[in-house]
Amino acid sequence: MSAPSGPTSVAVRRLWCECSVAEAKDPALAREWLLGTYAASSPRLAVRWFCAWAPRLADLIEPPHDAPWVREPSGTLRPARQTPLDAATALRAWPQDVGEHDQALTALRDGAPYRFTVSSDTGVRYCLSARPVVIHSHGRPGDLMLPPPAAADSPLPPPKGTASRGRGAGPRAP
């Protein structure tokens with residue numbers, strides 16, 4: 001006899017990574033915006049995604065001084081004074097912070113979530129986070145996130161006008 005050829009259920013462990021911005025001056029009016037997501041297959045890929053997003057997020061907060069669209073003669077953009085809560089500087093430093101990478105790798109390998117959050121002096125929080133998730137697949141590995149196939153013995157009641165005779169009942173005798 002051969003094995004059944006129907007779809008099989010496979011659980012795939014991934015790390016769900018997010019980059020978000022939150023405003024929380026007043027908790028009742030708190031808002032959060034999701035800027036990017038990624039399903040990493042390993043803790044090292046999650047850290048690599050953080051290394052790409054941290055400077056990108058820093059550039060959104062504070063454009064680099066050598067950006068081609070920043071023109072000094074116009075005087076519209078000027079360097080701000082450094083404050084203790086300089087979120088852009090902290091995000092730009094993240095890709096080179098080996099200690100923070102080790103902390104992230106250890107947490108993610110142990111199955112714990114990891115979050116790097118910096119706040120600005122205006123109360124805006126910038127966050128890079130990763131958490132373990134299990135994605136169930138039914139069939140091929142490329143079919144992730146599909147709903148499970150309908151069961152042969154559905155828990156739903158039979159359609160109106162038909163009688164249910166119970167599980168495993170054969171055809172009715174004439």
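Could you give the length gained on full extension between Ala93 and Val124, defined as 0.36 nm per residue of separation minus the Cα-Cα distance, in nm? Can you show the working numbers first?
Details: separation 31, 0.36 × 31 = 11.16 nm, distance 1.87 nm.
Gain on extension, Ala93 to Val124, equals 9.3 nm.
How many nm separate the modelled label positions at Ala22 and Thr37, each set 7 Å beyond the Cα in the direction of the Cβ?
Reported label-point gap for Ala22 and Thr37 is 1.7 nm.
Relative to the present Cα-Cα distance, how much length would full extension add between Asp59 and Ile135 at 0.36 nm per residue of separation?
Taking 0.36 nm per residue and subtracting the Cα distance, the gain is 24.1 nm.
Just so you know, all these numbers are worked out from the coordinates, no wet-lab data involved. Not measured: the values here are computed from a predicted model. Heads up, the Cβs are rebuilt from the backbone with ideal geometry, glycines too, and the neighbour counts pull from every protein chain shown.
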